[in-house]
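To keep things clear, I will list the structure first and then write my remarks on it.
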């Protein structure tokens, strides 16, 4: 099995186990938990108490994870980071608009 650094990498023809499917679930589900924050900002037109610094850092952080996932061809990481990026961009726009 090929390795990246000290981690093993699944080849596409290898059988996936329950843990692999759990990772796929959390890859999509976890970023969705930021949607309520975006909803509250846009529904109430109020972003007080929401830190532009924190959400901007998350946004920039995900740019690095996207680049890393793309370079290493780690699809679950790439998908998760792109989903986070989209939602965090919406939140930052909401903070800028309603602060």
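Numbers for the structure displayed
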| read-out | value |
| --- | --- |
| Matching option when the condition is in contact with a helix residue (DSSP H, G or I) (Cβ under 6 Å, 6 or more places away or on another chain) and not in a loop (DSSP other than H, G, I, E, B), among 80, 54 | 80 |
| Filter result (modelled with pLDDT of 95 or more and either touching a strand residue (DSSP E or B) at 6+ places or on another chain (Cβ under 9 Å) or in a loop (DSSP other than H, G, I, E, B) (or both)) within segment 27-49 | 45, 46, 47 |
| Selected residue (criterion: farthest from residue 89 (Cα to Cα)) from residues of segment 30-50 that are surrounded by 12 or more Cβ atoms within 10 Å (Cβ to Cβ) and free of Cβ contacts under 8 Å to residues at least 40 places away in the same chain | 40 |
| Selection count, segment 57-73, where residues are touching a residue at least 24 places away in the same chain (Cβ under 8 Å) and in contact with a helix residue (DSSP H, G or I) (Cβ under 8 Å, 6 or more places away or on another chain) | 3 |
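Rundown of residues vs (1) farther than 17 Å from residue 96 by Cα; (2) within 12 Å of the chain's Cα centre (by Cα), yes/no style:
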| site | (1), (2) |
| --- | --- |
| 24 | yes, no |
| 38 | no, no |
| 54 | no, no |
| 59 | no, yes |
| 69 | yes, yes |
| 72 | yes, no |
| 84 | yes, yes |
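The values are calculated or read from the model by the stated rules, or taken from the named source; none is laboratory data. It should be emphasised that the depicted structure is a prediction, and the values quoted were computed from it without experimental measurement. Positions of Cβ are backbone-derived with ideal geometry, glycine not excepted, and every protein chain shown enters the neighbour counts.
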